[in-house]
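The values are calculated or read from the model by the stated rules, or taken from the named source; none is laboratory data. Fair warning: this is a prediction, and the values are worked out from it, not measured in the lab. As a convention, Cβ positions derive from the backbone with ideal geometry for all residues, glycine included, and neighbour counts pool all protein chains shown.
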Amino acid sequence: MIIELENLSCGYNGRVVVTGVSVSVASGEIFCLLGPNGIGKTTLFKTILGLLPPIGGHVFIGGRNAAKMSPKEIARVIGYVPQSRPPPFSFRVSDVIVMGRISRIGTWSAPGRPDYVAAEDVMVQLGIAHLRDKLYTELSGGERQMVLFARALVSEPSFLMMDEPTSNLDFGNQAVVLGNIKRFAAEGMGVIMTSHFPEHAFLCGAKAALMGPPSGFLVGETPEIITEENMSAVYDAPVAVVSIPYRGADLYCCQPILGRSDE
């Protein structure tokens with residue numbers, strides 16, 4: 001299956017935020033979207049998910065125009081992991097995760113035993129089964145992020161869209177999430193994610209896109225996109241990108257330079 005963006009422009013109330021985006025992501029691929037705050041990454045996500053109508057161009061999901069698909073049809077294909085925010089009500093973790101089954105449940109039906117079994121399986125898979133009976137409002141930010149990850153997975157999607165999936169996570173849990181992202185892609189799931197950590201695109205073996213002036217939307221293989229020249233231009237700060245050989249592979253480090261050599 002493929003998600004295709006064809007000359008897509010999106011924004012709010014007729015105001016264009018992102019324009020001229022053309023890219024495709026297939027099952028089994030990881031696509032990492034980078035760019036400064038406020039550049040339109042979340043707006044692009046919402047348009048792909050059908051939460052915002054395109055201002056121009058098209059989104060195709062499995063060859064179908066997303067504009068002609070119902071929210072439930074889109075939710076069966078794409079699981080969404082938003083940035084973690086405090087919830088307005090206190091729900092048990094297991095109930096929050098089961099909410100992700102809504103696209104698999106009839107309109108007037110309630111979750112049944114198979115839905116809770118599916119939720120339990122995902123909790124075990126992600127190592128958060130010990131949270132099942134806790135209140136979501138009482139979790140740490142990192143624990144909430146893992147629960148949102150589980151809620152998206154329990155819908156059995158073909159694609160995951162993840163808005164800064166490692167936000168609020170400590171170093172160990174970042175490794176857990178990134179490891180799971182690679183595993184799910186290896187099993188045939190497509191992943192589209194945003195990140196403020198360029199190294200994550202290298203770690204996941206992802207295609208990457210860099211949003212922001214002066215080039216607008218650069219897309220390609222990660223080493224071609226995350227370069228010192230591109231990063232320095234988009235973030236308006238000197239950036240170093242270094243490759244370090246380690247145990248037969250290359251590790252990449254991308255860091256701002258806090259002092260110029262000519263100072």
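Each residue in region 216-263 was checked for being hydroxyl-bearing (Ser, Thr, Tyr) and over 17 Å from residue 32 (Cα atoms), and 4 pass.
Specify the residue that is nearest to residue 75 (Cα to Cα); the eligible residues are those in region 156-193 that are of a type in the set (Gly, Ala, Ser) and in contact (Cβ under 8 Å) with a residue 12 or more places away in the chain. Within region 156-193, the match that is nearest to residue 75 (Cα to Cα) is 158.
Contact map, region 205-225: residues that are on the phi < 0 side of the Ramachandran plot paired with residues that are surrounded by fewer than 14 Cβ atoms within 10 Å (Cβ to Cβ) and part of a strand (DSSP E or B), Cβ distance under 6 Å, separation 6+ or inter-chain. No pairs are found. In region 228-245, the residue that is nearest to residue 199 (Cα to Cα) out of those that are part of a strand (DSSP E or B) and not aliphatic (A, V, I, L, M) is 243. For region 27-56, filtering for residues that are in a strand (DSSP E or B) and either surrounded by fewer than 18 Cβ atoms within 10 Å (Cβ to Cβ) or aromatic (Phe, Trp, Tyr) (or both) leaves 2. Residues that are in a loop (DSSP other than H, G, I, E, B) and modelled with pLDDT of 90 or more were ranked within region 60-90; the one that is surrounded by the most Cβ atoms within 10 Å (Cβ to Cβ) is 69. Has region 18-40 got at least one residue that is more than 29 Å from residue 203 (Cα to Cα) and out of contact with any strand residue (DSSP E or B) (no Cβ under 9 Å at 6 or more places or on another chain)? No. Could you list, in sequence order, all residues of region 1-21 that are closer than 14 Å to residue 45 by Cα and exposed (fewer than 15 other Cβ atoms within 10 Å of the Cβ)? Of everything in region 1-21, just one residue is closer than 14 Å to residue 45 by Cα and exposed (fewer than 15 other Cβ atoms within 10 Å of the Cβ), namely 12.
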